Amino acid sequence: MIPSPFGVCTRPGCENLLTRSQGKYCSHACRNRVLSPGNKGGAPTKYRPEFAKQKLDEYASLCEKRNEPTLVPTKSSYIVIKRAHLPSQEGYADFIGVKARTLRNWGDTHLDFAEALDRLHSIQLQFLINYGLASYYSTGITMLLLAVNHGLFIKRESSIESKALDIVKKFYERVDELEKEKYGLGQ
């Protein structure tokens, strides 16, 4: 049974017929387009300009405080417990109560926040260098993060060509030594 129409949707451009249960609009989408025309859908953004400066400074200070060693008293002295807390996008997202993907989206749409993410990246680099040298972070993890997140690699000359050349060079040196011994040259 097809419901009989009780009017037409009041959204301009929509000419859908209304049923008995519908009031002024044929759907939630039509109602939302009329009542909030600038909203393209989804939840409103949680972005606030202070996330780009003030909250980032608070997060960096918190990371600094979390890296302070803890002194645990014993009967005769103290035990120093080092704690390692590295600033990261994931940590900052958790600090302000959003997901890490949201931070990247904000960086794409807000220029000041994109600069804040770059600043967070450089703060992480400073932490890795300073606290890595102070042995707060393990050497292997520090080197891995410096390489993966910041593009800093240790260059080693251990290519196959250089190894092959070394082998050939040693071979010819040994042949020269044997010829000198055989023919009595160089004595």
Restricting to segment 94-106, and then to whatever is more than 12 Å from the chain's Cα centre (by Cα) and on the phi < 0 side of the Ramachandran plot, can you tell me which residue is surrounded by the most Cβ atoms within 10 Å (Cβ to Cβ)? W106
In segment 1-36, what residues are in a loop (DSSP other than H, G, I, E, B), at pLDDT below 75 and either surrounded by 11 or more Cβ atoms within 10 Å (Cβ to Cβ) or within 45 Å of the chain's Cα centre (by Cα) (or both)? P3, P5, F6, S36
Within segment 42-83, the residues that are hydroxyl-bearing (S, T, Y) and touching a helix residue (DSSP H, G or I) at 6+ places or on another chain (Cβ under 9 Å) are T45, Y47, Y59
Could you check segment 37-60 and list, in sequence order, the residues that are polar (S, T, N, Q), at pLDDT 70 or above and surrounded by fewer than 12 Cβ atoms within 10 Å (Cβ to Cβ)? Q54
Return yes when H121 is touching a helix residue (DSSP H, G or I) at 6+ places or on another chain (Cβ under 9 Å), closer than 19 Å to S61 by Cβ and of a type outside the set (A, V, I, L, M, F, W, C) and no when it is not. yes
With respect to R83, is the statement that it is assigned by TED's automatic domain parsing to the domain that holds S61 and under 16 Å from the mean Cα position of the chain (by Cα) true? no
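Kindly evaluate F95 against the criterion of being farther than 30 Å from T45 by Cα, in a helix (DSSP H, G or I), touching a residue at least 40 places away in the same chain (Cβ under 8 Å) and in the same structural domain as Q54 (by TED's automatic domain parsing).
No, not satisfied.
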Failed condition for L62, given (1) over 23 Å from L145 (Cβ atoms); (2) aliphatic (A, V, I, L, M); (3) over 17 Å from the mean Cα position of the chain (by Cα), with all others met? (1)
Take the residues in segment 144-181 that are in contact with a helix residue (DSSP H, G or I) (Cβ under 9 Å, 6 or more places away or on another chain) and at pLDDT 75 or above, then tell me which one is farthest from L117 (Cα to Cα). F153
Tally the residues that are part of a helix (DSSP H, G or I) and surrounded by 14 or more Cβ atoms within 10 Å (Cβ to Cβ), restricting the search to segment 116-137. 13
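The values are calculated or read from the model by the stated rules, or taken from the named source; none is laboratory data. Quantities reported herein were computed from a predicted structural model and do not represent experimental measurements. Every residue, glycine as well, gets a Cβ built from its backbone with ideal geometry; the counts of neighbours run over all protein chains shown.
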